[in-house]
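The values are calculated or read from the model by the stated rules, or taken from the named source; none is laboratory data. Since the structure is predicted, the reported quantities are computational estimates derived from the model, not experimental observations. Cβ placement follows ideal geometry from the backbone for every residue including glycine, while neighbour counts extend to all protein chains displayed. Ligands, DNA and RNA are stripped out before the accessible areas are found, and what is left, the full protein with its side chains, is counted by its heavy atoms. Shrake-Rupley method; radii C 1.70, N 1.55, O 1.52, S 1.80 Å.
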Amino acid sequence: MTGGVEAARVRYVAGRPRYEAAAVDVAAAVRLRAVALRLSCEVSGRAKDTAGFVMKARVKNYADPWRQVTDKAGVRVVVDHQGDLDLAVSTVGTALTVLRVEDDRDAQGGEDRLAYQRLHLQVLAPGRPGDDPDGPVECEVQVRTRAQDLWSRSSHALLYKPAVAPARSVARPLYRLLALVELYDQETERVNREMQESPQYQDARLLREAELVFHAHVGAGYHLPTSLETVPVLSPLVGDVGAYASRLGRFAVLHHNKLARAYASYGPASAIGREGGYPLLGQPESVVVFERLDTAPEALRAAWDVALPAELLDEAAAVWGSDA
Amino acid sequence: MTNAPDSVDFGSLELVRLIVHEVPRAYRGDPGAPSMSLSDDVSTLDEPLRAELAARLRALLAATARPVLRDPGSDSPVPGHVAGYLDGGAPGTGHDGVFVAMSRDLAAHLRASQTGTNSGGLLLVADVVLQGRPAVLLVKLEHAKGIRGKRTTRGTRHRFDVSRISDLLFTDRVNVYKVCVLLTDGAGGDGTGGRVHGHAADPQTSGRRLADFFLGDFLGCVYQEAADVLTQRFHDRATVWINEDPGRDAGTRTRYAVALLAEIGSVRTVMSVRGFAREHLDEQDRDDFREKMRDAGVPGAPFPKDASLVTARTSVQFDFASGTYVVTSPAAIDAGVVTVGEDDADRPGVATVLVRDRLRQVKGRGSPGRRPVRGDGTGPAGARPDT
């Protein structure tokens, strides 16, 4: 057994750089996909340190340490609340090749005990030149909420990795904290769901989506009170903000150069913008205005003219070359 | 049916440089006519002015311009001047002198083709880029008047000095300018401008003959599609659109159909997709109507109405699945003599046409009968012989 661990250790020392690269590649793929799917999350990756590799192999008493230590490369995806866990799984699943999923959330039994609910995906890391075609590099992706992550960081070393099993006076309080983790996650998800159903939240979210595109072209700040007047006029025109976010993202990609020219020539850093001209181009909601001018100019004009100064829309239409 | 011919993105227009020449009103051959005032240098454009002018030109083209082609039957030198300039490698980054010379040639032709009935004014010639390609833009302008207020301070006393100005070039009324942007298909032509094309607006302000002057006599161009064809396409595609949405109830379809007939038969001289949508269609239908008309090749910019191909269609016909059809006039619908609705909740999609009027007659209707023929091929039995 010791020989098996030692052989695996030597092999891991020689091959660790490849697992460092795998963690970087997997994390990058997940981040990119998360942006496309509008998932708010933190993604981090690492290659297991050699001591950790050896200690895991020995503590778990693995017969085949090289194959059984599956987190030689590891990535962690931390989401805001448990309502985003499924989206995180989809994000990983559509970004990478998933070999297997370990999901304790719906495991039967265990209602009478507290335990960390594991949500892990074993994936294939993107290939690199020189990879062994018969020995693809794998990576373990852990998906958890912020509360779960906090608990895990605090307790993992005490509960799972000590040389001596923890006393009841140590273990029990730590597991009790899991109840608070579950309560926190459930309440956070409920609050988030209520916010998303609130019209005011829809406006805030629309502004946020517009900002993501706007600030790719404009570094200056903007006048929030103006946005708070304008966005409620635009919000009913776009329908579900979640679905619209994807549409706006596609619009931003398709018209990237045209948007760049528009903001360079009429935005707040432009010569005419510094003189106070074309003020709407200094607001992030102008991105939504441009998208609506392309897609539904009549609905935009009808809604705008009853609530906001017509000349602002006239100027935006002139910049965009629309006859709205 | 064509693909949308005016799918050019005027939002891509970039202004490189411009020059303005004054071409006063003059009767042809009049030795005492006021002389032209031609500029020798391009106008100075600081960045704010360039941005403002570019935005106004984009708005002008987007709202009013339609595709045009060189008229092979015209002897206007304008297409040749434009083609020679664009194909000569000078546009955009070339020396101002070549651009100025070309613009002066255009102004000279404007003067030469004028009659006394054409208003004088200014000719703005611009070097532009449209969808990444060099182009020449021309606008015929007249000085506009306005009132200006400027705050002044004398000592501790403030006031607004109000003054009248009469040399404005652009106001916010975009629909009265004659504008044209011309491009070529590339170098290697015969220099006569045969491959010149573009977009132009020649709004009728004082009668058809005067309007044709700018596009036809001066520019030597014609609209890519004739007004009668466009009017018919407008009518036909709008009729299809009115009926193609299965969710549109019979009352709404009737209202739209009557509006369409009224628009065709009205005294208006211009057809406008946007104007029709805003005046006659429910708000939720306007964007779909505009999009479907654009896809069918009906210009977004207004065009002259020529209903010669659709004037026979002056009544509204309701066709039912059973083979029943009802023909009535828009006036009868407007007067409430004929009403249309879908008011049977148990039978969705079933429409009712109700006619409340004095019944004048009921008669059989069908194909005329044939008289029997005798076996020898002569007329019917008992018929008197011809005398």
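With the simple model of a label 7 Å out from the Cα in the direction of the Cβ, A:Met195 to B:Asp40 spans 6.8 nm. What the Kirkwood sum gives for the protein assembly as shown is a hydrodynamic radius of 32.6 Å, with every pair of different alpha carbons counted.
The relative contact order of the range A:134-278, computed from alpha carbon pairs under 8 Å that lie at least 6 residues apart in sequence, is 18 percent. Residues of the range B:43-66 that bury at least 20 Å² of accessible area once all protein chains are present, compared with their chain alone (1.4 Å probe, heavy atoms only, ligands and nucleic acids left out), are B:Pro48, B:Ala51, B:Glu52, B:Ala55, B:Arg58, B:Ala59, B:Ala62.
Take every Cα pair under 8 Å in the range B:211-356 that's 6+ residues apart, average their separations, divide by the length, and report that relative contact order as a whole percent. Don't skip to the end; give the middle numbers.
Working: 150 pairs, mean separation 36.7, N = 146.
Result for the range B:211-356 is 25 percent.
Between B:Arg278 and B:Glu47, the contour length at 0.36 nm per residue exceeds the Cα-Cα span by 79.6 nm. Largest GNM mean-square fluctuation among A:Asp80, A:Asp149, A:Asp305, using chain A with Cα springs under 10 Å: A:Asp305. Where a ≥ b ≥ c are the square roots of the eigenvalues of the C-alpha gyration tensor, would you call the range B:246-288 rounded, which needs a/c under 1.5, or, failing that, prolate if a/b is larger than b/c, or oblate? Cα axes put the range B:246-288 in the oblate bin.
Total lysine pairs in the protein assembly as shown at Cα distances under 17 Å, for residues eight or more apart or on different chains: 10. The contact between chain A and chain B removes approximately 1800 Å² from the accessible area (both sides summed; 1.4 Å probe; ligands, DNA and RNA excluded).
For chain A, a Gaussian network of Cα nodes joined below 10 Å ranks A:Ser152, A:Ser169, A:Ser227 by mean-square fluctuation, and the top entry is A:Ser169.
Would you mind classifying the range A:46-191 by shape? Square roots of the alpha carbon gyration tensor eigenvalues, ordered a ≥ b ≥ c; an a/c under 1.5 is rounded, otherwise it is prolate if a/b is larger than b/c and oblate if not. Cα axes put the range A:46-191 in the oblate bin. Shielding of peptide A:300-313 by partners, expressed as the average count of other chain Cβ atoms within 10 Å per residue Cβ, is 1. Counting charges near B:Val78 (Lys, Arg +1; Asp, Glu -1) among other residues having Cβ under 11 Å from its Cβ returns a value of -3.
Within chain A, helices built from complete DSSP H runs that reach 24 Å or longer along their own axis (Cα positions) and carry a mean Kyte-Doolittle hydropathy of 0.0 or higher are A:2-36.
Contact order, relative form, for the range A:92-153: 31 percent (alpha carbon pairs under 8 Å, 6 or more residues apart, mean separation divided by residue count). Counting charges near B:Asp40 (Lys, Arg +1; Asp, Glu -1) among other residues having Cβ under 11 Å from its Cβ returns a value of -1. In a fully extended conformation the segment linking A:Ser169 and A:Ala21 would gain 49.2 nm over its present Cα-Cα distance, using 0.36 nm per residue.
Extending 7 Å from the Cα toward the beta-carbon at both A:Val59 and B:Arg154 defines two label points whose distance is 9.0 nm. Ellipticity at 222 nm from helices only: DSSP H runs of n ≥ 4 in the protein assembly as shown, each -39500 (n - 2.57), divided by the residue count, give -13500 deg cm²/dmol. Legend: calculated FRET efficiency, A:Ala243 to A:His156, from the Cβ-Cβ distance at R0 = 60 Å, rounded to 0.05, equals 0.95. Projected label points at B:Glu342 and B:Glu244, each 7 Å from Cα along the beta carbon direction, are separated by 1.8 nanometres. Rounded is the label for the range A:205-324. Its Cα gyration tensor axes, ordered a ≥ b ≥ c, give a/c under 1.5.
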